[in-house]
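Written below as structure tokens is the structure these notes are about.
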Amino acid sequence: MNVLRRVDLDEVEYEIAAKDMRTWVAERIDGAAGDRLFLLSHPPVITYGPRTSLEDLPAETAAIPAVAVDRGGFATYHGPGQLVGYLVVDLKQRGPVDVVRWVENGLITALGSLGFPLVRRETPKGASSLVGVWTEDHRKLCSIGMRIRHGVTSHGFSINVDPDMAVFHTFTTCGLHDVTMVSLAELAAERGLPAPTDAEVRDAVAAALGAS
């Protein structure tokens, strides 16, 4: 199996990251680079996949830019205090793998190692997708939205470490009208514990996904 290389970035404008991601994918398709996991954050932005209803997006008065993207999934928020992971992986080299389940299980392992018990959920037939990582009482902590082109993945996941959670009340998250989003900081506070740092979450995620 190919080595998954960890690449740490700081805050990157979403449009710049999207342009860079196209380059990263082309490099992987051409064999100019190996499998990579990019860890970063974005300034406030709401991204949404092609199946998103415009009614799910925030009103213009919310003053947060909304950007259409070429990944699966519906609308989600990215901003400071949230860790974003972009996976650029050649699935043909890795053999048969359910990449979404691999990411879900990896995030559950990573955050479990930091003391947060989390679960994945099966989506009932005909219901909106429950892909992501959830608390045991069904609050959503991590969102996942990916694309596969020529056998190479792009986009990835986001983890709410300690973002401005109020933003999630301005639009319909992930196409789920009754979802409650939560952060690691909120979960830690409920237990009277300090929230993990961005660096701790990055290290745990990289280790669980086998990135070095």
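Values in this text are rule-based calculations from the coordinates and carry no lab data. These figures come from a predicted structure and were not determined experimentally. Cβ placement follows ideal geometry from the backbone for every residue including glycine, while neighbour counts extend to all protein chains displayed.
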Q. Is any helix in the chain, taking whole DSSP H runs, at least 20 angstrom long along its axis by alpha carbon and on average at least 0.0 on the Kyte-Doolittle scale, and which ones?
A. 99-113
Q. Most mobile of Phe116, Phe157, Phe38 per a Gaussian network model of the chain (Cα springs, under 10 Å)?
A. Phe116
Q | Ellipticity estimate at 222 nm from DSSP helix runs (n ≥ 4, -39,500 (n - 2.57)) divided over the chain, nearest 500 | A | -8000 deg cm²/dmol
Q) Which one of Phe168, Trp134, Thr123 is farthest out on the positive end of the charge dipole of the stretch 112-212, using unit charges on Cβ (Lys, Arg +1; Asp, Glu -1) and the Cα centre as origin? A) Thr123
(Q) I'd like the Karplus ³J(HN,Hα) series for the stretch 36-43: coefficients 6.51, -1.76, 1.60, θ = phi - 60°, whole numbers in Hz, and an x wherever there's a Gly or Pro. (A) 9, 10, 9, 10, 7, 9, 10, x
Q | Listed values (1) 44, 38, 31; (2) 43, 38, 37; (3) 47, 42, 31, entry calculated as Cα extents along the principal axes in Å | A | (2)
